[in-house]
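Below: the structure, in structure tokens.
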Amino acid sequence: MLKLAVGLLLAAALALLLDWYAPSGTGTTMTPVGRRRRQAPQPVPGAEAANLLWVVQVSDIHISRFRDPKRAPDFEKFCSETIDIIQPALVLATGDLTDAKTRDKLGSEQVEVEWKTYQAILKRSRVMEKTKWIDIKGNHDSFNIPHLDSVRNYYRKYSAWRKDGSFHYIHTTSFGNYSFICVDATLSPGPKRPYNFFGILNMNQMKELSLMATESLHSNHTVWFGHFPTSTIVSPAPGIRTLMSSATAYLCGHLHTMGGLMPALHSQHRGGTLELELGDWMDNRRYRILAFDHDLLSFADLNFEEWPVVLITNPKSFLYSSSAHEPLVKILYSTHIRILAFSPSAIISVKVYIDGVHLGNAHQVSGPLYVLKWSPRNYSEGFHHIDVTVQDASGRISTRGHVFAMEENLSLRFGFWPSVILLTDHYVLARVLFGLIVLIQIALLVIFRYLQKPALKEKPGLLTLTSYSLHVFSKTNTFYYSILVLNLYTILGPWFVGELIDGQMGACFSFGVFVGGSFLQGSLTFVVGILQMLFFNLPLMAYLCWCLLLRCQGHSLCSHIRDIRRLVAVVVHLAMALLLAWQVYSCYFLQRTYGTLAFFLSPMRTWLVVLTSALIYKTWTLEPSELRTYIVEMKNCQS
């Protein structure tokens, strides 16, 4: 009965987790054919080249002085040729315009020549004369900047936008206004890497964004954009997602497809706002076209120099639909399938298929718009799949498709892992996990310190030996107090003191960073703390327990390799050696990143290496008299 109850509880928890992290794209305002409105909403997608706006997004460009010499020339070609072909009304460059890393990739600083290269590309390509170019800062553009008025804040000097902070840009067309709200969550002061991986918004910034959100309610649509995904923005209540709930979409970058593991990081907030992370230009040469066609949002994530480019704007994808923000009923009353097709060469054919059936060839109306007459009521029930194949005069072929529907109560879900990555407040999760891990280790120490040690009456098993070693460890003052203080210090003490910004001293704690008279609350610090606990503090305690257990069994440093299974001993010692080597490397990283002073004033790195060496030495040189009771008991048990 108990197993059944536990199973039901686990099943319920899993169902809730999947429901929370796999939000569904739904078009619930679309009326089924059987209950259609008497009058169609006007205007509807038809054969005219009207009520159509498209923009381009590019992110994480990382112009670098030291790496990938093709990155800047490719970006210049993108600005001069790709933008000429697509001719967007607006281009959003969502942060990390420059790389700002040193040659060895360990340090970080603003490199003026990278900014000059970026500005030169914009000027030579004359892209700012062809379209509205809005570029914003990313965390790399804020490395090692003491304050916004600093001469090292090259964004103000070399970017196109040149204004720090969040802002509201309104794009005006003959068919309405479209609001674009920038979320600037970059840190000021901006420490060196890695402690500005998360963005932070304070209460004043949240109030400013709230006012912008209210102003944007009069626009046809609102698109928010920023560098950081909402899951990597630290914000006070009610939270950044609540502020942007009136937006149709939030466009961001920063995560670089997670090293290729997540080529499409898309999800949807509870209020219907789409969150669309764009892969990086740096390594993957990604960019995005986003279109509003009769106020229906469509987009395509694309690879540089892959032609033709195809974007189906009607019928739009069901997965990326939001009944709270879009007039989805217009699809049901539309008269034509609508497609945007771009290529350096002339487009010679645009073939349309629905559910594998060839409907015909779309014809060009004007510019990149191609249309094909259709009857939406033929597809009023269930899901359907539209595919469009475009061929240009150079023989290049491209196919794009998606699922669409017009019926109520249907559901498609976003991927579980993209939703976990985009919808979890990772700094909150990291804070909780870090606290739990530290408390568990402290609790183990204290419990076994004061718990009466049971007598060994028969040949002990693995679990009994583990418990016995924890008793020995916790009841030996040298090790008990050393590890207890280490864990308390991991939570409370400064991990290191050094130049977190050139010329400005700072201190890093688990709960945040003090630098330049400012406090930056903890985010990545908790992640680093988790790694420290899982890959050093806990293994160190386990290793010391194992060594003490061998001492209780009568072994010495030399004899235990002969008398116990050699492979086990070698594996355990090698694992600890590797973890200690990682700790030593982190000391080197600290010196290269924050200076020599940080190396010496680092209790959680340099000092811990010394403490670890001393504790390991102590386990093998501890006087037998201090372990006499345990040694006798272990010998009696073995005999």
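Name the residue from V632, F526, F414 whose Cα lies farthest towards the positive end of the charge dipole of the chain, charges +1 on Cβ of Lys and Arg and -1 on Cβ of Asp and Glu.
V632
What does the net charge come to around G199 if you take all other residues with beta carbon closer than 11 Å to its beta carbon, with K and R at +1 and D and E at -1?
Net charge around G199: 0.
Please compute the per residue accessible area over the range 78-132 with all protein chains in place, 1.4 Å probe, rounded to a whole number of Å².
With the other protein chains kept in place, the range 78-132 gives 39 Å² per residue.
Per residue, how large is the accessible surface of the range 307-412? Use a 1.4 angstrom probe and give square angstrom.
Values: 4040 Å² over 106 residues.
Using a 1.4 Å probe on heavy atoms only, each residue of the range 307-412 averages 38 Å².
Report the FRET efficiency, 1/(1 + (r/R0)^6), for L433 and Q364, where r is their Cβ-Cβ distance and R0 is 45 Å, rounded to 0.05.
So the FRET efficiency works out to roughly 0.20.
F304: net charge of surrounding residues, Cβ under 12 Å, Lys/Arg +1, Asp/Glu -1, itself excluded?
The answer is -2.
Can you tell me which of 416-428, 451-463, 132-144 comes out highest on packing, and rank the rest after it, using the mean Cβ neighbours within 10 Å?
132-144, 416-428, 451-463
Where in the chain are the helices, taken as whole DSSP H runs, whose Cα atoms extend 24 angstrom or more along the long axis and whose Kyte-Doolittle mean reaches at least 1.0?
Within the chain the helices that satisfy the rule are 2-21, 426-450, 566-594.
Please sort by residue number the GluC sites (Glu not before Pro) in the range 292-393 whose DSSP state is loop and whose Cβ has at most 13 other Cβ atoms within 10 Å.
E305, E306
Can you tell me the dipole magnitude for the range 426-638 around its Cα centre, using point charges on the Cβ only (Lys, Arg +1; Asp, Glu -1), in Debye to the nearest 20?
Here the range 426-638 has a charge dipole of around 640 debye.
Calculated from the structure, P(r) over Cα pairs in 20 Å bins from 0, in percent equals which of (1) 17, 41, 28, 13, 2; (2) 17, 49, 25, 7, 1, 0; (3) 17, 46, 30, 6, 0?
The listed entry that was calculated here is (1).
Heavy-atom accessible area per residue, the range 447-606, 1.4 Å probe: how many Å²? Before the final figure, lay out the partial values.
On the way: 7680 Å² over 160 residues.
Here the residues of the range 447-606 average 48 Å² of exposed surface.
Mean separation of Cα pairs under 8 Å and 6+ residues apart, divided by the residue count of the range 307-412: what relative contact order is that in percent? Don't skip to the answer; put the middle values down first.
Working: 222 pairs, mean separation 35.9, N = 106.
About 34 percent, as a whole number.
Between H218 and F175, what length comes free when the chain is fully extended (0.36 nm per residue of separation minus the Cα-Cα distance, one decimal in nm)? Walk me through the numbers on the way to the answer.
On the way: separation 43, 0.36 × 43 = 15.48 nm, distance 1.31 nm.
My answer for the length gained is 14.2 nm.
Under the 0.36 nm per residue contour assumption, what length would be gained going from the current alpha-carbon distance of Q521 and S394 to full extension?
Result: 40.2 nm gained on full extension.
Could you let me know the centre-to-centre spacing of the range 397-418 and the range 218-252, using Cα atoms, in angstrom?
Comparing the Cα centres of the range 397-418 and the range 218-252, I get a distance of 23 Å.
Put +1 on the Cβ of each Lys and Arg and -1 on the Cβ of each Asp and Glu in the range 307-412; which of S321, L332, S343 then has its Cα farthest toward the positive end of the dipole?
Result: S343, furthest along the dipole toward the positive end.
Applying 1/(1 + (r/R0)^6) with R0 = 30 Å to the Cβ-Cβ distance of S323 and I85, what FRET efficiency is obtained, to the nearest 0.05?
0.30
Once label points are set 7 Å from the Cα along Cα→Cβ at both L531 and D355, what is their separation, rounded to one decimal in nm?
Distance between the two pseudo-spin positions: 5.2 nm.
Measure out, as a whole number of angstrom, how far apart the alpha-carbon centroids of the range 493-533 and the range 160-181 sit.
Spelled out, the Cα-based centre of one part sits 35 Å from the other.
Taking the Cα centre of the chain as origin, sum charge times position over the Cβ atoms of Lys and Arg (+1) and Asp and Glu (-1), and report the length of that vector in debye to the nearest 20.
1220 debye
Can you show me the helix-derived [θ] at 222 nm for the chain, built from DSSP H runs with n ≥ 4 at -39,500 (n - 2.57) apiece and divided by the number of residues, rounded to the nearest 500.
Working: 20 runs with 227 residues, N = 639.
Computed ellipticity for the chain at 222 nm equals -11000 deg cm²/dmol.
Of all the accessible heavy-atom surface of the range 307-412, with the other protein chains kept in place and a 1.4 Å probe, what percent is carbon and sulfur?
The nonpolar share, carbon plus sulfur, comes to 47 percent.
The values are calculated or read from the model by the stated rules, or taken from the named source; none is laboratory data. Just so it is clear, the model here is predicted, and its values are computed rather than measured. Methodologically, a virtual Cβ is constructed for each residue, glycine included, from the backbone with ideal geometry; neighbour enumeration extends over all protein chains shown. Each accessible area value is taken on the protein alone, full model and side chains, heavy atoms only, with ligands, DNA and RNA left out. Shrake-Rupley method; radii C 1.70, N 1.55, O 1.52, S 1.80 Å.
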